[in-house]
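Engineer: Before I ask anything, here is the structure I am working with.
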Amino acid sequence: MDNEQMYEIAFQIIVHAGESRTLSASAVDKAEEYDFESANKLLEKANEEFLECHKIQTNLLTSEANGEKIQLNIIFIHAQDHLTMASISMENAKRFIKTYKKLKELEDKYEKCNSSL
């Protein structure tokens, strides 16, 4: 695989990983508004983008395992950083969504208690 192909692959990973991170952040924003349905849909889309990155990475690993020489460059290493950040962003988004759901439940209980007084 030549250097130009590696740049193309790296930029595909960067694009999909970046979109995944953006969608994960948007999911947290929706959860903050207690719009959990939208948050979950955004998180699903983030996961789809992440899976595209993972598919690209798996193809590279398979190629190398089959004996094809893979020349790494700094852009590809940068792309791997983006992939890692996308993964972390999704995990954090899941945690934030859970936290906002708990907060919403507590607020609802509080309001119910106050309205019965």
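The values are calculated or read from the model by the stated rules, or taken from the named source; none is laboratory data. Quick caveat: nothing in here was measured; it's all calculated off a predicted structure. Cβ coordinates were reconstructed from backbone atoms using ideal geometry, including for glycine residues, and neighbour counts include every protein chain displayed.
Engineer: So which residues in the stretch 18-75 are in contact with a Ser or Thr (Cβ under 8 Å, 6 or more places away or on another chain), touching a residue at least 60 places away in the same chain (Cβ under 8 Å) and farther than 15 Å from residue 92 by Cα, if there are any at all?
Structural biologist: If the condition is that a residue be in contact with a Ser or Thr (Cβ under 8 Å, 6 or more places away or on another chain), touching a residue at least 60 places away in the same chain (Cβ under 8 Å) and farther than 15 Å from residue 92 by Cα, then 70 is the only one that fits.
Engineer: May I ask you to say which residue of 37, 4, 68, 64 is of a type in the set (Asp, Glu) and either under 12 Å from the mean Cα position of the chain (by Cα) or modelled with pLDDT of 95 or more (or both)?
Structural biologist: Exactly one residue qualifies, and that residue is 37.
Engineer: From 40, 73, 66, which residue is closer than 26 Å to residue 26 by Cβ, surrounded by fewer than 17 Cβ atoms within 10 Å (Cβ to Cβ) and out of contact with any Leu (no Cβ under 7 Å at 6 or more places or on another chain)?
Structural biologist: Testing whether each residue is closer than 26 Å to residue 26 by Cβ, surrounded by fewer than 17 Cβ atoms within 10 Å (Cβ to Cβ) and out of contact with any Leu (no Cβ under 7 Å at 6 or more places or on another chain) leaves just 40.
Engineer: What number of residues in the stretch 3-45 are in contact with a Cys (Cβ under 9 Å, 6 or more places away or on another chain) and outside any helix (DSSP H, G or I)?
Structural biologist: Adding up the residues that qualify gives 0.
Engineer: Another question, if that's okay. Would you mind stating whether residue 19 is crowded, with 17+ Cβ neighbours inside 10 Å and of a type in the set (Asp, Glu)?
Structural biologist: It is true that residue 19 is crowded, with 17+ Cβ neighbours inside 10 Å and of a type in the set (Asp, Glu).
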